[in-house]
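Enquirer: The structure's right below; bear with me while I get my questions together.
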Protein chains: 2
Amino acid sequence: MTIESGNLFDDVAEDLDEEAVETLVSSGSMRLVRIVSTGQATPEGDWYDQDDWEWVVLLKGAAGLRFEGEAQVRALAPGDFVHIPAHKRHRVEWTAADEPTVWLALHHEG
Amino acid sequence: MTIESGNLFDDVAEDLDEEAVETLVSSGSMRLVRIVSTGQATPEGDWYDQDDWEWVVLLKGAAGLRFEGEAQVRALAPGDFVHIPAHKRHRVEWTAADEPTVWLALHHEG
């Protein structure tokens with residue numbers, strides 16, 4: 001049996017039209033993905049409102065994450081993680097413009 | 001609802017008697033854990049033989065991973081991941097002695 005392997009920082013594009021999402025593991029309703037952002041943000045006025053939970057860690061780069069009801073944008077640095085409950089509305093206010101931002105996100109049922 | 005958050009590189013001990021394993025997410029049979037190693041290795045002659053699959057990434061430090069039937073030890077650097085099938089026997093040959101090694105491991109059913 002082949003053992004899948006790789007490096008999370010390989011094949012990271014420097015300039016993308018849209019965020020790049022790649023599935024690493026998928027099992028039942030659980031999904032682990034790598035996301036690469038290059039300056040993208042959630043469109044003005046939009047919110048993510050997800051049916052599943054999301055544990056997400058920023059591994060490289062930087063980003064600003066806002067949760068509905070919070071006055072302050074949370075600035076994320078490498079290693080910072082948040083566990084976002086289902087239907088907790090949130091948006092990505094910004095991602096670094098000068099380097100790719102690499103995220104690892106685990107979507108799962110509560 | 002409180003949003004759990006933290007940083008994967010916080011509270012990393014420099015010198016541990018045993019590897020430190022901390023659960024970050026647990027849902028059904030899925031479990032996401034952070035592991036910190038400080039020079040530990042699988043005892044001579046022992047193998048891990050797990051009922052579940054394990055997707056594991058090394059985030060900091062360095063380690064050598066051996067799979068049964070492979071002649072070479074795989075040297076892992078930051079960002080390197082492997083997806084270990086259930087019952088694929090493997091061992092950690094070494095972890096860095098001069099700095100903590102931080103892993104993120106996702107255990108799941110196949």
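The values are calculated or read from the model by the stated rules, or taken from the named source; none is laboratory data. Since the structure is predicted, the reported quantities are computational estimates derived from the model, not experimental observations. Glycine gets a Cβ as well: all are built from the backbone with ideal geometry, and neighbour counts include every protein chain shown. Keep in mind that these areas ignore ligands, DNA and RNA; they rest on the heavy atoms of the full protein, side chains included. Shrake-Rupley method; radii C 1.70, N 1.55, O 1.52, S 1.80 Å.
Enquirer: Restricting the search to segment B:69-79, which residues are at the interface with chain A (Cβ under 10 Å from one of its Cβ atoms) and either touching a Pro at 6+ places or on another chain (Cβ under 7 Å) or part of a strand (DSSP E or B) (or both)?
Expert: Passing the criteria: B:ARG74, B:LEU76.
Enquirer: Answer yes if at least one residue in segment A:61-70 is open to solvent by 20 Å² or more (accessible area, probe 1.4 Å) and in contact with a Gly (Cβ under 9 Å, 6 or more places away or on another chain), and no otherwise.
Expert: Filtering segment A:61-70 for residues open to solvent by 20 Å² or more (accessible area, probe 1.4 Å) gives A:62, A:66, A:68-70.
Remaining after also requiring in contact with a Gly (Cβ under 9 Å, 6 or more places away or on another chain): none.
Scanning segment A:61-70 turns up no residue that is open to solvent by 20 Å² or more (accessible area, probe 1.4 Å) and in contact with a Gly (Cβ under 9 Å, 6 or more places away or on another chain).
Enquirer: Just one of (1) surrounded by 14 or more Cβ atoms within 10 Å (Cβ to Cβ); (2) closer than 25 Å to A:ASP98 by Cα; (3) facing chain B (nearest Cβ under 10 Å) trips up A:ASP10, so point out which.
Expert: For A:ASP10, the exception is condition (1).
Enquirer: Only residues in segment A:42-65 that are more than 18 Å from A:THR101 (Cα to Cα) and within 13 Å of chain B (Cβ to nearest Cβ) count as the first member; pair them with residues that are at pLDDT 95 or above and outside any strand (DSSP E or B), Cβ under 9 angstrom, at least 6 apart or cross-chain, and list the lot.
Expert: The qualifying pairs are A:ASP52/A:ALA86; A:TRP53/A:PRO85; A:TRP53/A:ALA86; A:TRP53/A:LYS88.
Enquirer: Here are B:GLU54, B:GLU44, B:GLU18, B:GLU22: which of them is acidic (Asp, Glu) and more than 15 Å from the chain's Cα centre (by Cα)? Spell out the reasoning first.
Expert: On the way: B:GLU54 fails: more than 15 Å from the chain's Cα centre (by Cα); B:GLU18 fails: more than 15 Å from the chain's Cα centre (by Cα); B:GLU22 fails: more than 15 Å from the chain's Cα centre (by Cα).
Of B:GLU54, B:GLU44, B:GLU18, B:GLU22, the one residue that is acidic (Asp, Glu) and more than 15 Å from the chain's Cα centre (by Cα) is B:GLU44.
Enquirer: Here's something else I'd like to know. For segment A:80-110, enumerate the residues that are within 12 Å of chain B (Cβ to nearest Cβ), surrounded by 18 or more Cβ atoms within 10 Å (Cβ to Cβ) and assigned to a loop (DSSP other than H, G, I, E, B).
Expert: Once the filter is applied, which keeps residues that are within 12 Å of chain B (Cβ to nearest Cβ), surrounded by 18 or more Cβ atoms within 10 Å (Cβ to Cβ) and assigned to a loop (DSSP other than H, G, I, E, B), segment A:80-110 yields only A:LYS88.
Enquirer: When you go through (1) open to solvent by less than 80 Å² (accessible area, probe 1.4 Å); (2) of a type in the set (Ser, Thr, Tyr); (3) more than 7 Å from chain B (Cβ to nearest Cβ) one by one for A:SER5, which number turns out not to apply?
Expert: Condition (3) is where A:SER5 drops out.
Enquirer: Taking segment A:13-41 on its own, how many of its residues are surrounded by fewer than 16 Cβ atoms within 10 Å (Cβ to Cβ), of a type in the set (Ser, Thr, Tyr) and either free of Cβ contacts under 8 Å to residues at least 24 places away in the same chain or in contact with a helix residue (DSSP H, G or I) (Cβ under 9 Å, 6 or more places away or on another chain) (or both)?
Expert: 2
Enquirer: Taking the condition part of a loop (DSSP other than H, G, I, E, B), modelled with pLDDT under 95 and not hydrophobic (A, V, I, L, M, F, W, C), does B:ASP51 pass?
Expert: Values: part of a loop (DSSP other than H, G, I, E, B): yes; modelled with pLDDT under 95: no; not hydrophobic (A, V, I, L, M, F, W, C): yes.
It is false that B:ASP51 is part of a loop (DSSP other than H, G, I, E, B), modelled with pLDDT under 95 and not hydrophobic (A, V, I, L, M, F, W, C).
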